[in-house]
């Protein structure tokens, strides 16, 4: 989708694999005599794929040629939906994800099925429309020819500021709570506070719309959800496994 090769730095590769082929694909990646793979590969099952654009995306896939190998990829409408969901699920922490959306948006043909792209779910439509509006507001993506619901989308100043603030922060935390604690209960509070959700991430976690309602209640709710999840799932597992916490 980018105008020149190597403009967009490559990261890991996400592969969506059907249930019947999942174990086979995992074996190919992990067997001892396999050719070493130097990039991260994340296998995803459709049923639990958080960014899945639509349940029937398989029937709308396309094929592209990569070094004489036909690779199956999402249809453009599904690709754009997935990119919006991916950016929001991760709290819009990386500028390149908004660049992906802008590049895809400007590569769409005139025959784009916008009903499929936006979907019928009002909440997810709000997420998509708002994100597309931000790609125009921040990166200048062209919204000409898009449906009116996208072109007249409200520009949320707080969301723009939150996104730019995220881009100016240090690299996001990559380790789960149980790894960072490393067996010490003394680090629980600072570890959780470092995970105070941004307004964007909090909105997604509580499954709410982007609007002018203050975000602090959403952030508190999202933080408490994370705290309860840790207390119910990770702490008991750690206690039962080790018997007790070790002191620093």
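The values are calculated or read from the model by the stated rules, or taken from the named source; none is laboratory data. Only a predicted model underlies this, so the values are computations on that prediction, with no experimental measurement involved. Glycine gets a Cβ as well: all are built from the backbone with ideal geometry, and neighbour counts include every protein chain shown.
Some observations on this one:
- Hey, residue 103 assigned to a loop (DSSP other than H, G, I, E, B) and in the same structural domain as residue 148 (by TED's automatic domain parsing) or not: no
- Residue within region 26-42 that is in a loop (DSSP other than H, G, I, E, B), out of contact with any strand residue (DSSP E or B) (no Cβ under 9 Å at 6 or more places or on another chain) and in contact (Cβ under 8 Å) with a residue 60 or more places away in the chain present: no
- Of everything in region 6-25 that is touching a strand residue (DSSP E or B) at 6+ places or on another chain (Cβ under 9 Å) and part of a loop (DSSP other than H, G, I, E, B), the residue that is surrounded by the fewest Cβ atoms within 10 Å (Cβ to Cβ) is 12.
- Within region 43-83, being surrounded by fewer than 10 Cβ atoms within 10 Å (Cβ to Cβ) and assigned to a helix (DSSP H, G or I) holds for 47, 48, 59.
- Checked against the criterion of being surrounded by 15 or more Cβ atoms within 10 Å (Cβ to Cβ), assigned by TED's automatic domain parsing to the domain that holds residue 85, modelled with pLDDT of 85 or more and under 30 Å from residue 115 (Cα atoms), the candidates 201, 156 yield just one match: 156.
- Some residue of region 121-138 being in contact (Cβ under 8 Å) with a residue 40 or more places away in the chain, in a helix (DSSP H, G or I) and under 17 Å from residue 12 (Cα atoms): no
- Residue in region 53-73 that is touching a helix residue (DSSP H, G or I) at 6+ places or on another chain (Cβ under 6 Å) and under 30 Å from residue 223 (Cβ atoms) present: yes
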